[in-house]
Amino acid sequence: MDLQVIATGSAGNCYVLRAGGAHGQSLLLDAGLPIAQIIRAVKGWDRIVGCLITHEHQDHAKSAVEIARRGIWTYATKGTIEAINPANGPLKPAQLRSAKCLQSITIGDFTVIAFQTEHDAAEPCGWLIRYDPTDETVVYATDTYYLRHTFPGVHYWIVECNHTDTILQQQLENGDLDAALRTRLVKSHMSLRRLCDALEANDLTETRAIILVHLSDERSDEKAMVEAVKEVTGIDDVWAAEAGETYQLRLTPF
Ligand SMILES: [Zn+2]
Ligand SMILES: [Zn+2]
């Protein structure tokens, strides 16, 4: 598998999870950019069989309806769909499809399950994704200050690491961050500390790689985050996602 990062962070999130080599299928993870930009950036548009949306915020769902209108099965929770489409009336069949948390859905060669996340949105979710031909399993969790579930047998994690508590505290003391925004951040986005706790709560025996996403521009420290996650998990392949990069996800190191 590999993960193409088209955009990551509060200005837009869009990723392509590509499985099965040159002729395999792909999933779009979030669609938080203008549609033309997504189509231009995606390598292998005709291989995309589905799109998974985490919540209605524009940096994740800007083009969700446009993607669905192009015939790609696009899933979100009911609450997210209603929040995306308040003025559009009843959805047409070609538009967004509703996913219930903890119920599995088959999309081409993938089986996906939405799970509840903790964010200031209507019904946010993350996605547990399995590529059935190889059983490779991925967790995609972003815009959540906490993970209430643990996940057995995950090979690859695509998880938010938004800020560090140290930087937040420094900015608060320097007057660079007001108390209300700090409160919002710690109740909506994942800190390094909480991510480490969440990863430690899981059995990582099968884990091969961890990709940190949605880093804050002003309140993250990429190097320190990568090092801290490596240390806590014992996993060598930990990367901070950068727009335009593609990350190889392999079960074996060769
Ligand atoms: Zn976001
Ligand atoms: Zn959000």
Tell me the volume per residue, in Å³, of the convex hull enclosing the alpha carbons of the chain. 120
Over the chain: helical MRE at 222 nm, DSSP H runs n ≥ 4 each giving -39500 (n - 2.57), nearest 500: -6500 deg cm²/dmol
Return the sequence-ordered ³J(HN,Hα) values of the range 148-160 in whole Hz as given by the Karplus equation 6.51 cos²θ - 1.76 cosθ + 1.60 applied to θ = phi - 60°, using x for Gly and Pro. 7, 9, 10, 10, x, x, 7, 8, 9, 10, 10, 10, 5
Name the most mobile residue of Ala114, Ala224, Ala64, meaning the one with the largest mean-square fluctuation, in a Gaussian network model of the chain with Cα contacts below 10 Å. Ala224
So in the range 154-254, what percent of DSSP beta bridges are antiparallel if you round to the nearest 5? 0
The ³J(HN,Hα) series, computed from each phi in the range 125-139 with the Karplus coefficients 6.51, -1.76 and 1.60 at θ = phi - 60°, rounded to the nearest Hz and given as x for glycine or proline, is 8, x, 9, 9, 10, 10, 8, 4, x, 10, 6, 5, 10, 10, 9
Where is the GNM fluctuation largest for the chain (alpha-carbon springs, 10 angstrom cutoff): Gly44, Gly79, Gly175? Gly175
Stretch Ala22-Ala201 to full length: gain in nm at 0.36 nm per residue minus the Cα-Cα span? 60.9 nm
Among the GluC sites (Glu not before Pro) in the range 156-235, which ones are in a DSSP loop with at most 12 other Cβ atoms within 10 Å of the Cβ? Mind listing them? Glu218
Beta bridge orientation in the chain: antiparallel %, DSSP, nearest 5: 55
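Every number here is computed from the coordinates shown, using simple stated rules; none is lab data. On a predicted model such as this, the values are computed, not experimentally measured, just so you know. Every residue, glycine among them, receives a Cβ derived from its backbone with ideal geometry; neighbour counts consider all protein chains shown.
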